Amino acid sequence: MPAFFHHLSEVLYQVLECVGVNPWVVERRRHTFLHREAALDVKYHQDGLDTTTFHFGSQSEGTTTPGLQSDTDMLYTGNYINIMFSWADWQQGRTNLLMVREEDTPPQHYLLQRIRQDIPQPVTHYYHPDFVTDSQGLMFYSNMAVVRGWAEMYGDRHLRRGPSNSGREDWDFVEAFHCKTLPSEIMSWFTRMQRGYWPSQETLQAARMCGCFLVPDGHHGSINQQIEWRITPNLIERLLMFSLNIVPIQCLVVLKMLKKQEFIKYIHCENCKFTTFYCKTVIFFTLNRTPPTLWIKHRLVECIVRCLQTILEFLNQGECPHFIVQGVDLFDGKLCRECQLSLERAIQGMIQDDMHVLFHLQSDDLGQRLMALPYEVRQYPGDDVNAGICGKLARDMFEQYLMKVRTTCSRLCNSAEADVITSLNNEINILESLAVNARTTQYDKNYIKFIAKYLMSVKASVTSSSCIQSGDSLPQDIWQLYGESLNTDVASSKLKLASMHYCQGELQRAASVLNEVEFDLDDSVQPVCGCSIKLYSDKLSKAFCEYTVQNDKHDQLTKKLAFCVRFLREEKFCAPRFLWCEMYRAVGDDVDHRNVNQRQWMDWAEVDAGPFLLYLQYLTYCGLGVRHRQLEALYGLKDIVTSYDKVNQLYHPETAHNLYGHCCELEGDVEEALHVYNHSVQFKPRNNAANWHKQRLERMLNNN
């Protein structure tokens, strides 16, 4: 290897650290996605579903950078299905599917035959749209059943890529079945791994317990393609990835950058592609064949070259073996021989050119960073990039948490008002029992603690609303509920408490709570919402990102997060009356124009914490007769809705406009209020309470 590779490796290692490929960011990515898995599993448990979810791929493994723009991969498996590897696995009363291979079944694929629930015998001559019946009347589960379900859900937006289905370009969802027994083509891997430098015996022992998945993906050339299911050892692969130190991870990231920018140039056929999975496979084989002494910081470029040589070996022989599953050629159906030879010549050129290709990589400005002198490299805003990654991970995780809370609240609201408290108590009891379950992980417990506190806030508010409506005094235990729920985040629960005080006429108490929120709600606080995943602008608070670098625990993060304030219809007497219009925002056929997510929350009032704080301050100080504080709140709210940068950071800009419009009405400026409501409608033409307010003011002006 050239002598300068040592120095280049040192600089490349440092540059990759700057763009988020370092031990602590990798660890942060992994823990974040394990938390997200736990949140989904707890939600399914609450919903009475026996379903488990897994995150796989670059985002959850920590093998990506902001510039690679990797998508997010999620796998669902329904535990209510019993996959039989042999007849001994049959279970009475369960939905049983037997893994079957025929003479012409391609490698890595199985058919799933339906077996009776009462006795271990095949189901025959029974029609079901999800099954295909052969000439003998035997029934096999069609992988197209999964595709049809997703197609019905997303319509024209449905995207299918191999076994994955989605309605978004940046997400891949896979529905799969878990098989606890590893088939022979995977079991043989453990024998093969006795030779080689990696993985360790401890990792191999843990891998034996992982099982595998059957995903709905038939072989491209098979006559039975629609009833074939491909076995995939995702959990073993994730275990292997989690066992790696930072050097092979950095090596894999560079291979992905090369694939994205350089390899694609030499793939000429429309249906051919060099996939990211090839890069991971190459890393695995190279680690197995080379001593651990190679995988160190100052030999990073040499590691990359060794991996490229492994790719050359596969291209030269015209076959890329699967690292775990025996008898599989990953090139089959993905990369034709002509493209293989073209890519082989290109990679040979890269190696012969002493890897100067690294200086031309554009992803994350890697080439530009490498061409800088070492002291200039350290001046790149690596800390900003790493902080940005940590901030986004934290924000996105709690966004997902709030989405799960949203669906829980939506289910609760389907019951009669008198039953909402009962339903809330049942949910909280389920969570409490789950928290002490021996199988509950720390990841589960973190989410359980979060959602339990959130539901206590809802329970406190629903109870208070009922008492205010009936004119009854609040029960003494209500204050304990409010107290236990106040720290869900920095603002939303406290704002609901202040709103309750305002609606009770306890203005001084309301002002006291609002002052506390105002003090905490500084520039380091990041807004988060579970209604709309994407902001109009995806910019994160720099101060928040810097905070998340050192503070990654749940209790620490919630001190710098401001959730949107939510009032269910059952809580409306704890909300200012003007907000009730948000609960009945539909005009005409607006309801028909709501998507699946919007149907869950658009019958509630949802408002960003910052605008609601100012609106509530305006009302409260008006009642107290403190005019200068009332005007401060009014001007603050006006500043938000008239500032392009600030309004673009809101999840509900139309509602913020509506609140400011109401303040204008209370100030007697009806024409300005009408102007503000018109502006609100520009953000959201349908399902916007501003349409009601416009009609009301227009009638008022016409009558005058």
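The values are calculated or read from the model by the stated rules, or taken from the named source; none is laboratory data. For clarity, every value in this text was computed on a predicted model and none was experimentally measured. Note that we place each Cβ from the backbone using ideal geometry, even for glycine, and neighbour counts take in every protein chain shown. When the accessible area is computed, the model is the full protein with side chains, heavy atoms only, and any ligands, DNA or RNA have been set aside. Shrake-Rupley method; radii C 1.70, N 1.55, O 1.52, S 1.80 Å.
So what's the net charge close to L393: Lys and Arg +1, Asp and Glu -1, counting the other residues with Cβ under 12 Å from its Cβ?
Working: positive: R28, R29, R30, R36, K392, R395; negative: E27, D396, E399, D552.
That sum, taken over residues with Cβ under 12 Å, equals +2.
So what is the relative contact order for region 229-333, in percent, with contacts set as C-alpha pairs under 8 Å and at least six apart?
On the way: 64 pairs, mean separation 26.6, N = 105.
In percent, rounded to a whole number, it is 25.
Rounding to the nearest 10 and keeping the result within 0 to 90°, find how far the Cα-based axis of helix 442-470 lies from the longest principal axis of the chain.
Once rounded, the angle reads 20 degrees.
Please list Y635, Y677, Y454, Y154 in order of solvent-accessible area, largest first, computed with a 1.4 Å probe with all protein chains present. Let's see the in-between values first.
Details: Y635 140, Y677 0, Y454 20, Y154 55 Å².
Correct descending sequence by accessible area is Y635, Y154, Y454, Y677.
How much solvent-accessible surface does S524 expose, in Å² to the nearest 10, with a 1.4 Å probe and all protein chains in place?
Spelled out: S524, probe radius 1.4 Å, area about 20 Å².
Extending each Cα 7 Å along its Cβ direction at D477 and V670, get the distance between those two points in nm, one decimal.
About 5.0 nm, to one decimal.
Over the chain, what is the relative contact order in whole percent, taking alpha-carbon pairs under 8 Å and six or more residues apart? Each step should come with its number before you reach the end.
Details: 1108 pairs, mean separation 76.7, N = 704.
Once normalised by length, the contact order is 11 percent.
Eigenvalues of the Cα gyration tensor times 5, then square-rooted: what semi-axes does that give for region 314-371, in whole angstrom, largest first? Walk me through the numbers on the way to the answer.
Working: eigenvalues 167, 41, 21 Å².
Each semi-axis is the square root of five times an eigenvalue, giving 29, 14, 10 Å.
What does the C-alpha gyration tensor say about the overall shape of region 50-184? Classify as rounded when a/c is under 1.5, otherwise prolate if a/b is larger than b/c, or oblate. Each step should come with its number before you reach the end.
Working: a/c = 2.23, a/b = 1.75, b/c = 1.28.
Prolate shape, in that a/c is at least 1.5 and a/b is the bigger ratio.
If you plug each phi of region 598-614 into the Karplus form 6.51 cos²θ - 1.76 cosθ + 1.60 with θ = phi - 60°, what whole-Hz ³J(HN,Hα) values come out, in order, with x for Gly and Pro?
5, 5, 7, 10, 6, 9, 10, 9, 10, 8, 4, 4, x, x, 5, 4, 5
If I take R0 = 60 Å and measure r between the Cβ atoms of L49 and N703 in this structure, what FRET efficiency does the formula 1/(1 + (r/R0)^6) give, to the nearest 0.05? Don't jump to the answer; show the numbers that get you there.
On the way: r = 55 Å, r/R0 = 0.91.
My answer for the efficiency is 0.65.
Considering only protein heavy atoms and a 1.4 Å probe, what is the carbon-and-sulfur percentage of the accessible area of the chain?
Numbers: 15140 of 30480 Å².
Of the solvent-accessible surface of the chain, carbon and sulfur hold 50 percent.
Per 0.36 nm of contour for each residue apart, how much would the distance between E270 and D353 grow if the chain were fully extended, relative to their Cα-Cα spacing?
Details: separation 83, 0.36 × 83 = 29.88 nm, distance 2.86 nm.
In short, 27.0 nm is gained.
Would you work out the relative contact order for region 457-587, in percent, from Cα pairs under 8 angstrom that are 6 or more residues apart? Intermediate results must be reported in sequence, preceding the final value.
On the way: 153 pairs, mean separation 45.9, N = 131.
Relative contact order of region 457-587: 35 percent.
By accessible area of protein heavy atoms, probe 1.4 Å, what ranking do I264, I246 get, highest first? Don't skip to the end; give the middle numbers.
On the way: I264 95, I246 25 Å².
In descending accessible area the options line up as I264, I246.
Can you tally the net charge around W580? Count Lys and Arg as +1, Asp and Glu as -1, for every other residue whose Cβ sits under 11 Å from the Cβ of W580. Present the calculation step by step, with values, prior to reporting the outcome.
On the way: positive: R569, K572, R577, R585; negative: E571, E582.
Here the charged neighbours net out to +2.
Roughly how tilted is helix 492-503, in degrees to the nearest 10 and between 0 and 90, from the longest Cα axis of the chain?
20 degrees
Within 13 Å, Cβ to Cβ, of N426, how many net charges do the neighbouring residues add up to if Lys/Arg are +1 and Asp/Glu are -1? Before the final figure, lay out the partial values.
Working: positive: R411, K459; negative: D47, D419, E427, E432.
Residues close to N426 contribute a combined charge of -2.
Against the longest principal axis of the chain, how steep is helix 246-261, in degrees 0 to 90 to the nearest 10, with axes from Cα atoms?
Orientation of helix 246-261: about 90 degrees from the principal axis.
If I take R0 = 56 Å and measure r between the Cβ atoms of Q121 and L624 in this structure, what FRET efficiency does the formula 1/(1 + (r/R0)^6) give, to the nearest 0.05?
On the way: r = 78 Å, r/R0 = 1.39.
Calculated transfer efficiency: 0.10.
Of R29, R345, which has the most accessible area and how do the rest follow, probe 1.4 Å?
Values: R29 15, R345 150 Å².
My answer, sorted largest first, is R345, R29.
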